[in-house]
1. From SER281, SER253, which residue is among the polar types (S, T, N, Q) and under 27 Å from THR62 (Cβ atoms)?
2. Tell me which strands (runs of 3 or more DSSP E) are completely within the stretch 93-185 and hold 2 or more residues being in contact with an Asp or Glu (Cβ under 6 Å, 6 or more places away or on another chain), or say none if there are none.
3. Only one residue in GLY233, GLY221, GLY210 is out of contact with any strand residue (DSSP E or B) (no Cβ under 6 Å at 6 or more places or on another chain), touching a residue at least 24 places away in the same chain (Cβ under 8 Å) and not in a loop (DSSP other than H, G, I, E, B), so which one is that?
4. If you check ALA60 against the conditions, is it within 15 Å of ILE11 (Cα to Cα), over 18 Å from the mean Cα position of the chain (by Cα), crowded, with 23+ Cβ neighbours inside 10 Å and not basic (Lys, Arg)?
5. Filter the stretch 71-89 down to the residues that are open to solvent by 10 Å² or more (accessible area, probe 1.4 Å) and among the β-branched types (Val, Ile, Thr), then identify the one that is farthest from ARG102 (Cα to Cα).
6. Being without any contact (Cβ under 8 Å) to a residue 60 or more places away in the chain and of a type outside the set (A, V, I, L, M, F, W, C): is that true of GLY184 here?
7. Of the residues that make up the stretch 193-205, is at least one at pLDDT 95 or above, among the charged types (D, E, K, R) and over 14 Å from the mean Cα position of the chain (by Cα)?
8. Pick from the stretch 143-180 the residues that are out of contact with any helix residue (DSSP H, G or I) (no Cβ under 9 Å at 6 or more places or on another chain), more than 16 Å from ALA212 (Cβ to Cβ) and modelled with pLDDT of 95 or more: which of them is surrounded by the most Cβ atoms within 10 Å (Cβ to Cβ)?
Amino acid sequence: MFPYPRRMVSIRQMTDRDIELGLRLKDQAGWNQTPADWRRFLGLGPEGCFVAELHDIAVATTTTCLFGSVGWIAMVLVEESARNLGIGRRLVEHAINDLLTRGARTVRLDATPQGQKVYDKLGFTADYELVRMQGTSRCVPATDAAITPMIADHIAAVARLDAEVTATERQCLLGRLLSDGGPGCGAIFRNGALAAYAMSRPGSRAAAIGPAAAASSSDAGAVLDWVLGQLHGQSVFIDVPSENNPAIRWAGSHGLDVQRHFLRMHLGMPIQDKPDKIWASSGPEKG
C-alpha cells in the first residue's frame, strides 16, 4: 500500500524548467548525465517524461522513450528525503501505463541493484547483465585506414546495423547522439557497407562511450581504439554486456576496471537482441 494518501502525491509532465531538478537528483545519486542529456530526453519523448510532487514539491523524475513498439524507462530518481515512500514505484507504474497506452508491446530498462527489487515486483524479467567499466583513455594509434569520423549522412546505415543487433529501431536516438557527441564518433565501412560503429558523448564525471556495434571483433576493437584516441587523457565509462567476452577483454586490455553492474530487464514481449554483437550500450538512459 502507498504510505501516503495518493492525493498528497501528484505526477505531471516534465518541462525544461525541471532540468535543474534532474541535475540535482542525478548528483545525489552520483550519476553522469549533463544538461544536454536531459534536453535529449525531453526532445525524444516530451510526453513521456514525468515529475512526481509530494505536497506540491517536486521530488522525483522519470523519463521514457518509444522506439516503435519498444518503450524504454530511465532516470528514475527520487530526492533523498523522499525515498522509501513508494514514490519511485508509483512513477514507474505511471510510465509503464503511459508507454502501453502509446502502443508499446515491450518495456525495457537497465536496473541498478537497488531498483531491481522494485522492478521484480512489477513483473519485469531479467535479460542479461551489463558491466560498467571505467578508466582513463589512452592514445591508441589508429591502424585501420577504413575508420572515418561519423557524419549525419552515415546515420541511416548506422541505424540499420544498430537495429540488427538491438532489435530496436533507434535512428532518432542515434541522430541526436551524433549531434551531441562531438568528434568521438567513428565508423568503419567495408566494400561500401557499414561494418562497425562507435559513439561517445561528454558526461559530468566521464565521457560515455557507446553505443557501439560490429559484425566482427576485429572491426569493433579497431573503431573503439579510434574512439579512445579521440578521448585521450579523459576519464571514460563504457557499459558492456557481460555475455560479450571479447568486449570485456578489450576494455580490460585498455586499463578499464569494473565500476558497477546493471541488469537489463523487460516487461511484455521479449526482445531478440544480440548482446554478443553489442560492444557498448548507449547507457541506462536508452539501452
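The values are calculated or read from the model by the stated rules, or taken from the named source; none is laboratory data. Note that this is a predicted model, so its numbers are computed, not measured. All Cβ positions, even for glycine, are placed from backbone atoms using ideal geometry, and neighbour counts span all protein chains on display. The accessibility values were calculated without ligands, DNA or RNA, using every heavy atom of the protein model including side chains. Shrake-Rupley method; radii C 1.70, N 1.55, O 1.52, S 1.80 Å.
1. Working: SER253 fails: under 27 Å from THR62 (Cβ atoms).
The unique qualifying residue is SER281.
2. Working: elements: 106-111, 125-136, 147-149.
Filter on the stretch 93-185 gives 125-136.
3. Values: GLY233 fails: not in a loop (DSSP other than H, G, I, E, B); GLY210 fails: out of contact with any strand residue (DSSP E or B) (no Cβ under 6 Å at 6 or more places or on another chain).
Of GLY233, GLY221, GLY210, the one residue that is out of contact with any strand residue (DSSP E or B) (no Cβ under 6 Å at 6 or more places or on another chain), touching a residue at least 24 places away in the same chain (Cβ under 8 Å) and not in a loop (DSSP other than H, G, I, E, B) is GLY221.
4. Values: within 15 Å of ILE11 (Cα to Cα): yes; over 18 Å from the mean Cα position of the chain (by Cα): yes; crowded, with 23+ Cβ neighbours inside 10 Å: yes; not basic (Lys, Arg): yes.
For ALA60, the condition - within 15 Å of ILE11 (Cα to Cα), over 18 Å from the mean Cα position of the chain (by Cα), crowded, with 23+ Cβ neighbours inside 10 Å and not basic (Lys, Arg) - is met.
5. So the residue we want is VAL78.
6. On the way: without any contact (Cβ under 8 Å) to a residue 60 or more places away in the chain: yes; of a type outside the set (A, V, I, L, M, F, W, C): yes.
Yes, satisfied.
7. Scanning the stretch 193-205 turns up at least one residue that is at pLDDT 95 or above, among the charged types (D, E, K, R) and over 14 Å from the mean Cα position of the chain (by Cα).
8. The selected residue is ALA167.
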